[in-house]
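Engineer: My structure is below; once you've seen it, I'll send some questions.
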Amino acid sequence: MALPFFLACLAASAAAAGKEPSLVVRYPEEGAKIESRAGIRVMGAVSDPRGNLRIGGKPVSVHRGGGFLAWVPVSTGTVRIVCELDLPGGSTT
């Protein structure tokens, strides 16, 4: 059975940094249907590796170059994965 995934990526305001923050999830793509399993890898990158990244409410380590990889447990049915990035000097939106 394939599980549909919906990614909700929220990035904090980066007015102090002078550029738009970004949080890009490379895998899985939004709306992807993935065979049923206990969990899924979530891979992507952030614009500022100094920020605090959470996926599904749990902290995720970010490489100094901005890349990240996380394991997210899932159950059957439609799964929504929420990604949040708090940047220094900004607030989460």
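Engineer: Looking at the range 44-93 only, could you name the residues that are surrounded by fewer than 11 Cβ atoms within 10 Å (Cβ to Cβ), at pLDDT 90 or above and not polar (S, T, N, Q)?
Structural biologist: 57, 59
Engineer: Among the residues of the range 1-43, which ones are at pLDDT below 80, exposed (fewer than 15 other Cβ atoms within 10 Å of the Cβ) and within 13 Å of the chain's Cα centre (by Cα)?
Structural biologist: Answer for the range 1-43, where residues must be at pLDDT below 80, exposed (fewer than 15 other Cβ atoms within 10 Å of the Cβ) and within 13 Å of the chain's Cα centre (by Cα): 6, 8, 10.
Engineer: List the pairs whose first member sits in the range 32-51 and is over 22 Å from residue 66 (Cβ atoms) and β-branched (Val, Ile, Thr), whose second member is assigned to a strand (DSSP E or B) and at pLDDT 85 or above, and whose Cβ atoms are under 8 Å apart, counting only residues at least 6 apart or on separate chains?
Structural biologist: Short answer, once both residue conditions are applied: 34/40.
The values are calculated or read from the model by the stated rules, or taken from the named source; none is laboratory data. Here the structure is a predicted model, which means the values were calculated and not measured. So basically every Cβ, Gly included, is an ideal-geometry build from the backbone, and we count neighbours across all protein chains shown.
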